[in-house]
Amino acid sequence: MSTHDADARPAVRHRPWAVVTAGAVATVMSAPGQTAAISVFTDPLISELGISRHALSTSYLIGTLAGASAMPLIGRALDRFGIGRVMAVVAAVFGGTLMALSLVSGIVGLTAGFIGIRLAGQGALGLAASTAVAVHVTHRRGLALGLTSAVGSAGISLAP
């Protein structure tokens, strides 16, 4: 184990359920980037922006595909810079994107916003949360990941 690897695993590994709890909370916090939460705004977006349902769906598709295509880069950043640093940057980008979405006035801005929330919220935040659990929990890892996913999914379902 190199010095860098030792630094990547802080003393938290002795309290695995704290990591599971933090991972579940981070997963719940990704709710604004999840389809269940975004779908609530379908009709208001169509009427406020004066766009068709087809245009909204296409914008969302582009946002989802573009956001997903960046996940390998997020994974590489997690490995290189550590979970805590990447999660802090992702949270800042996600929050900024959500605030910027409140200023959207057309389909181009909406698509850019969808890219941001699907990349940062649905993708990167979820990836960082599950990676944190997978890295820091060494005993009963499957149970820990299952609990993180179950609690996170339950929390997301409450968002709308």
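The values are calculated or read from the model by the stated rules, or taken from the named source; none is laboratory data. This structure is a prediction, so every number in the text was calculated from the model and none was measured. Positions of Cβ are backbone-derived with ideal geometry, glycine not excepted, and every protein chain shown enters the neighbour counts. When the accessible area is computed, the model is the full protein with side chains, heavy atoms only, and any ligands, DNA or RNA have been set aside. Shrake-Rupley method; radii C 1.70, N 1.55, O 1.52, S 1.80 Å.
Taken over the stretch 137-154, residues that are within 13 Å of residue 26 (Cβ to Cβ) and open to solvent by less than 20 Å² (accessible area, probe 1.4 Å) amount to 2.
You will find that of 124, 134, 120, the residue that is over 20 Å from residue 59 (Cα atoms), open to solvent by less than 50 Å² (accessible area, probe 1.4 Å) and assigned to a helix (DSSP H, G or I) is 134 and no other. Quick one: would you say residue 90 is more than 20 Å from residue 17 (Cβ to Cβ) and either β-branched (Val, Ile, Thr) or more than 15 Å from the chain's Cα centre (by Cα) (or both)? Yes.
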